[in-house]
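The values are calculated or read from the model by the stated rules, or taken from the named source; none is laboratory data. As the structure is a computational prediction, the values presented were derived from the model and not from experiment. Neighbour counts are summed over all protein chains in view; Cβ atoms, including those assigned to glycine, are modelled from backbone coordinates with ideal geometry. The area values use the complete protein model at the heavy-atom level, side chains included, leaving out ligands, DNA and RNA. Shrake-Rupley method; radii C 1.70, N 1.55, O 1.52, S 1.80 Å.
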Amino acid sequence: MDGKALQGVRILDFTHVQSGPTCTQLLAWFGADVIKVERPGVGDITRGQLVDVKGADSLYFTMLNHNKRSITIDSKHPQGKRVLDELIKKCDVLVENFAPGALDRMGLTWEHIHKLNPRMIVASVKGFGPGPYEDCKVYENVAQCTGGSASTTGFRDGPPLVTGAQIGDSGTGLHLALGIVTALYQRTRTGRGQKVLCAMQDGVLNLARVKLRDQQRLKHGPLTEYSQYGEGIPFGDATPRAGNDSGGGQPGRILKCKGAPEDPNAYIYFITQAPVWGEICDVIGEPGWKTDPEFATPKARLPKLNQIFARIEEWTMTKTKFEAMEILNKFDIPCGPILSMKELAEDQSLRKTGTVVEVDHPTRGKYLSVGNPIKLSDSISEVKRSPLLGEHTDEILSDVLGFKAAEIADIKNSGALSAPEKKEKAA
Ligand code: CAO
């Protein structure tokens with residue numbers, strides 16, 4: 001192993017909540033030195049949100065901020081600004097996901113940053129790109145709704161739905177991480193930094209790309225792989241919600257297994273992939289469907305998907321989801337059990353690969369986290385606990401910025417690194 005892929009890259013991490021922290025956590029896992037700047041006294045707001053262990057940083061925070069160092073700086077204090085300017089000179093990338101305009105209001109305009117460090121890459125997550133909504137604050141579900149995911153998720157006869165996967169926040173963080181390493185690569189040729197912008201709406205739309213495909217297909221006729229086609233329900237002028245129908249040309253559904261519906265996760269996703277249609281017919285006990293012209297071809301099957309999946313479900317209901325998975329996999333029939341978070345947390349193979357890791361934390365003790373899902377064969381990736389608020393303030397001031405003890409004391413005394421003292425209430 002040749003060390004860590006991003007060793008030597010230093011990130012000035014101004015992110016908070018989820019979208020930005022996901023991005024910088026990925027970079028930290030790959031070995032970047034991520035210095036998280038937090039507001040004195042408070043820190044990233046998620047430290048105190050959804051608290052499960054009193055007095056400890058929340059899982060919301062710890063699971064999004066591994067491998068980082070924390071420094072507290074009041075970015076609006078003159079001495080705080082001075083420290084930030086010094087950090088800008090020493091870092092390669094500044095990452096932020098403040099509300100639109102907040103970075104400028106701190107005085108950290110692109111011009112200011114670029115003057116201090118022309119090599120600096122300034123990477124931002126915003127809710128929207130330039131346009132009518134560019135000034136809006138945005139959270140996960142807003143992005144899911146405005147990026148085309150919600151209108152295409154759920155059942156046709158129900159309201160739009162948001163998904164549990166955080167495609168607006170974590171999805172955009174992933175996009176931003178790619179933008180950053182791409183800009184770092186370009187910098188090796190040009191020597192110049194640049195701005196990287198990922199709008200959450202754009203990130204979600206990118207992930208919902210197949211639904212924009214379907215929008216255009218609608219002009220040329222019904223979407224034949226959607227259940228509503230087989231049900232004879234006409235299509236409107238926008239991509240409809242398709243329940244659990246498979247998004248591709250290989251029809252699929254979620255089917256009950258033994259134990260459903262009492263067990264809310266006793267289900268399997270079953271895909272009637274055309275090349276294994278014969279095997280599917282044999283497994284479910286309908287060998288006649290292999291040659292019956294009503295069922296033998298994918299085209300003939302499309303209007304009958306409800307009937308076909310009802311018959312397959314008769315079979316899956318006689319098996320647990322794991323039994324069904326084992327049988328179907330012998331025939332290369334694509335399928336997957338619906339795994340609960342409990343099952344994933346207990347899954348030993350995910351523990352072995354480091355996708356689920358146990359982390360020790362000084363104030364909360366041991367907890368589970370999702371490790372780095374991206375595996376590099378020649379780069380070490382380890383998961384280290386998240387920092388306590390301001391845990392590395394002193395070492396960053398001395399080791400990274402080279403400040404002497406007296407200088408550090410001056411900055412501290414100025415109040416730039418600590419929360420303003422609460423005034424005593426008048427008696
Ligand atoms: N010292 C001093 N002030 C600080 C500071 C520091 N270290 N860190 C932050 N602040 C200040 C900011 O300067 C800002 O002040 P102004 O409003 O005076 O400019 C203030 O804290 C609040 O920042 P904010 O507006 O970004 O935070 P918010 O909680 O009101 O909004 C959010 C949160 C997420 C809606 C908003 O940041 C946003 O829209 N971000 C972009 C989109 C995004 O990433 N959304 C996903 C969030 S994850 O679900």
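Can you confirm whether L176 is touching a strand residue (DSSP E or B) at 6+ places or on another chain (Cβ under 6 Å) and part of a helix (DSSP H, G or I)? Reasoning before the result, please.
On the way: touching a strand residue (DSSP E or B) at 6+ places or on another chain (Cβ under 6 Å): yes; part of a helix (DSSP H, G or I): yes.
The answer is yes for L176.
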Practice item. Might you let me know whether region 393-400 holds any residue that is part of a loop (DSSP other than H, G, I, E, B) and modelled with pLDDT of 95 or more? Key: no
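Rundown of residues vs (1) surrounded by fewer than 17 Cβ atoms within 10 Å (Cβ to Cβ); (2) part of a helix (DSSP H, G or I); (3) touching a residue at least 40 places away in the same chain (Cβ under 8 Å), yes/no style:
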residue	(1), (2), (3)
W315	no, yes, no
V359	no, no, yes
I374	yes, no, yes
I380	yes, no, yes
I411	no, yes, yes
Review point. Taking region 191-205 on its own, how many of its residues are open to solvent by 60 Å² or more (accessible area, probe 1.4 Å), within 16 Å of the ligand (Cβ to nearest atom) and either of a type outside the set (D, E) or farther than 22 Å from Q144 by Cβ (or both)?
Key: 3
Review point. Can you tell me how many residues in region 86-106 are more than 25 Å from Q186 (Cβ to Cβ) and without any contact (Cβ under 8 Å) to a residue 60 or more places away in the chain?
Key: 6
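The rows are residues; the columns are (1) under 27 Å from I411 (Cα atoms); (2) open to solvent by 10 Å² or more (accessible area, probe 1.4 Å); (3) more than 16 Å from the ligand (Cβ to nearest atom); (4) at pLDDT 95 or above.
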site: L6; (1), (2), (3), (4): no, yes, yes, yes
site: F30; (1), (2), (3), (4): no, yes, yes, yes
site: L50; (1), (2), (3), (4): no, yes, no, yes
site: F61; (1), (2), (3), (4): no, no, no, yes
site: N65; (1), (2), (3), (4): yes, no, no, yes
site: S75; (1), (2), (3), (4): yes, yes, no, yes
site: R82; (1), (2), (3), (4): yes, yes, no, yes
site: K89; (1), (2), (3), (4): yes, yes, yes, yes
**Study point:** Any hit, region 36-43, residues being closer than 22 Å to D394 by Cβ, modelled with pLDDT under 95, within 12 Å of the ligand (Cβ to nearest atom) and of a type in the set (A, V, I, L, M)
**Key:** yes
Review point. Would you say E134 is under 21 Å from the mean Cα position of the chain (by Cα), among the charged types (D, E, K, R) and within 15 Å of the ligand (Cβ to nearest atom)?
Key: no
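Give region 21-41 a look and list any residue that's in contact with a strand residue (DSSP E or B) (Cβ under 9 Å, 6 or more places away or on another chain) and assigned to a loop (DSSP other than H, G, I, E, B), or say none.
In the first step, residues of region 21-41 are kept if they are in contact with a strand residue (DSSP E or B) (Cβ under 9 Å, 6 or more places away or on another chain); the result is 21, 23-25, 27-28, 32-41.
Within region 21-41, A32, R39, P40, G41 meet the criteria.
How about region 98-121: which of its residues are in a loop (DSSP other than H, G, I, E, B), open to solvent by 20 Å² or more (accessible area, probe 1.4 Å) and of a type outside the set (A, V, I, L, M, F, W, C)?
To start, the set of residues in region 98-121 that are in a loop (DSSP other than H, G, I, E, B) comprises 98-101, 106-109, 117-120.
Okay, now just the ones that are also open to solvent by 20 Å² or more (accessible area, probe 1.4 Å), so 98-101, 106-107, 109, 118-119.
Passing the criteria: P100, G101, G107, T109, P118, R119.
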Check your understanding: For the subset of region 218-231 comprising residues that are more than 15 Å from P298 (Cα to Cα) and open to solvent by less than 60 Å² (accessible area, probe 1.4 Å), which member is modelled with the lowest pLDDT?
Key -> Q228
Revision key, fill the gap. Out of (1) within 13 Å of the ligand (Cβ to nearest atom); (2) open to solvent by 10 Å² or more (accessible area, probe 1.4 Å); (3) on the phi < 0 side of the Ramachandran plot; (4) under 24 Å from the mean Cα position of the chain (by Cα), the one D57 does not meet is (1)
